[in-house]
Amino acid sequence: AFAARGTLFKVSRDGGKPVELCRITQAAFTGGSWSAEKGIVFTSTAANWNGDVLRVSEEGGEPEPFTRPDAAQGELRLFAPHFLPNGRDLLFTVVTEATASLGFDEIVLERDGARTSLGVRDASGGAAWSPSGHVLFSRGLGLDRSLWALPFSLEAGVPTGDPFRIAVSGSDPSVATDGALLYARPHPDLQQLVWVDRTGRRLDAIGEPVRSTIEIPAISPDGRRVAASVGSDILVWDMERGVVTRVSSNESMGNGADWSPGGEEILYSFLDGLAVRRADGSGDPRTLIRRPFVADPSFSRDGEYVVFYSVEKETSRDLWALAVSKPDEPFVLVRTAANENLGRISPDGRFLAYQSDASGRWEVLVQPFPRGEGRWQVSVSGGQQPIWSPRGDELFFVNGNDLMVADVTLQPAFRVGAPRRLFGGESVDTNLTLPGIMERHYDVAPDGRRFVIVQGYGTGTSEIVLDDATLARAGDADHQREGNP
């Protein structure tokens, strides 16, 4: 069985035409397994993370729930199911309230209706059984993942040792009955922050290229520094002095930087909420609000408000705000059954631009802030990542791989003109949007004439590795550790 174009198929191993089993109705396919006794189970990604394990007959039909997240245990989403050899016991990976913001997951065994954690709470992909006596899984974030093996007893259904690494770079393991191992080895692209003008012409580079994911660049109010998320860190580049400063650490898992109006502090999201820290990295972070599953915070021009989005179980991504003077009293800006996020307050503080997929695709909308009547669609045929110009006379956004701009008027009432294209991401060798990723890949300089862009496509390539020996060696090592000759 396999998934393609939003549909689950099966095909004979001898070849022939694929047979459609069912439609996959909740976005991306995230794993499946086939058992002669239980049939075919699979998972798919829902925007609000509430993913069930679904089952469909080998003959096809309507999928039905096979097992669901246990909300009482803080489970949000299940994915990557994998039947053990008896065809009844099921391994799967769980996104929990404790691990979701970290990007890590927990591996769980479901046997006879009861769930048992395997004690691996920092996995980053689906688990697979190996006849060498191990459960294989990957660790790491993004493109920096490694392959690990956990000694495991099929009979007892429990680990029998500590996990150990078997490949420095690897993910998505699959093991044949003869012990042959197949996995993916990523080769990430280089990425770098660069300056470009309004035609997309490259002006200068910021720092050195890195083989890691760079996103959400933010230019300081004076235009002399740039902050961005690099992996799980917030880094600040001082372009005059050539110094790079780490503002957040791996422990805090910082993401989504924005500058305070005075340029002295960085606002960012972390595992348990929103924090502020001095941009030079000194002192301790100051927690602004403690609340899980929040992201992409941004200040108002006067520093009195912070806008952010929150992932809710029932309504997906919703836009919230708080007054900096009353951080314990956040209030809702936009909450619907659709996704609304990446909110930005206009320079005069009277309007909010954001993106919403209520129409079935992402569009850029504007409404009064913090309250008021009216809502205006700015984009025409799709739009994401809205940013106001510093003077408030333009609104930039991305459509596909094009950077767009629309003229706007804020006084006495909001008016918007027809969007026009500035340049395409291909002119600077980049993707301004990536499938499944909503974070910004650009920012506007204080002069409104230049942009910082993340250069590099960020996708990289992967090779498929067939390894006949690694698991055999791992099995021999376990045998010797148990004191056998």
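The values are calculated or read from the model by the stated rules, or taken from the named source; none is laboratory data. All of these numbers come straight from a predicted model, not from anything done at the bench. Backbone-built Cβ (ideal geometry, glycine too); neighbour counts: all protein chains shown. For the accessible areas, the whole protein counts, side chains as well, though only heavy atoms, and no ligand, DNA or RNA atoms are used. Shrake-Rupley method; radii C 1.70, N 1.55, O 1.52, S 1.80 Å.
Screening Thr199 with (1) among the β-branched types (Val, Ile, Thr); (2) more than 28 Å from the chain's Cα centre (by Cα); (3) within 24 Å of Gly256 (Cα to Cα) gives one miss only, at (3). In the range 370-386, how many are part of a strand (DSSP E or B) and either in contact (Cβ under 8 Å) with a residue 60 or more places away in the chain or buried (at least 22 other Cβ atoms within 10 Å of the Cβ) (or both)? The number of residues fulfilling the criteria is 3. Got at least one residue in the range 142-156 being surrounded by 21 or more Cβ atoms within 10 Å (Cβ to Cβ), within 18 Å of Val465 (Cβ to Cβ) and modelled with pLDDT under 85? The answer is yes; a qualifying residue exists.
When the range 151-180 is filtered for residues that are assigned to a strand (DSSP E or B) and without any contact (Cβ under 8 Å) to a residue 40 or more places away in the chain, the ones remaining, listed by number, are Phe152, Ser153, Arg165. Taking the conditions (1) outside any loop (DSSP other than H, G, I, E, B); (2) within 15 Å of Arg23 (Cβ to Cβ) in turn, Gly61 satisfies each one other than (1). Restricting attention to the range 260-304, the residues being outside any strand (DSSP E or B) and either farther than 24 Å from Thr315 by Cα or open to solvent by less than 30 Å² (accessible area, probe 1.4 Å) (or both) number 18. Just to be sure, is Arg481 basic (Lys, Arg), modelled with pLDDT of 95 or more and either within 26 Å of Ser169 (Cα to Cα) or surrounded by fewer than 19 Cβ atoms within 10 Å (Cβ to Cβ) (or both)? No, not satisfied.
Among residues of the range 204-240 being open to solvent by less than 40 Å² (accessible area, probe 1.4 Å) and of a type in the set (D, E, K, R), the one that is nearest to Pro186 (Cα to Cα) is Glu215. For the range 401-423, a residue qualifies if it is free of Cβ contacts under 8 Å to residues at least 24 places away in the same chain, open to solvent by 50 Å² or more (accessible area, probe 1.4 Å) and out of contact with any Gly (no Cβ under 6 Å at 6 or more places or on another chain), and the qualifying residues are Thr409, Pro412, Ala413, Arg415, Arg420, Arg421. What do you reckon, is Arg391 more than 19 Å from Ser212 (Cα to Cα), open to solvent by 10 Å² or more (accessible area, probe 1.4 Å) and either in contact with a Ser or Thr (Cβ under 6 Å, 6 or more places away or on another chain) or part of a strand (DSSP E or B) (or both)? Taking the combined requirement at face value, the residue does not satisfy it.
Against the test of being within 20 Å of Gly392 (Cβ to Cβ), out of contact with any Cys (no Cβ under 6 Å at 6 or more places or on another chain) and of a type in the set (D, E, K, R), the options Arg317, Arg286, Arg350, Arg246 yield a single qualifying residue, Arg350. Residues in the range 323-369 that are open to solvent by less than 20 Å² (accessible area, probe 1.4 Å), modelled with pLDDT of 95 or more and not in a strand (DSSP E or B): Ser346, Phe369. Flag: Val398 matches the condition of being assigned to a strand (DSSP E or B) and either in contact (Cβ under 8 Å) with a residue 12 or more places away in the chain or open to solvent by 40 Å² or more (accessible area, probe 1.4 Å) (or both).
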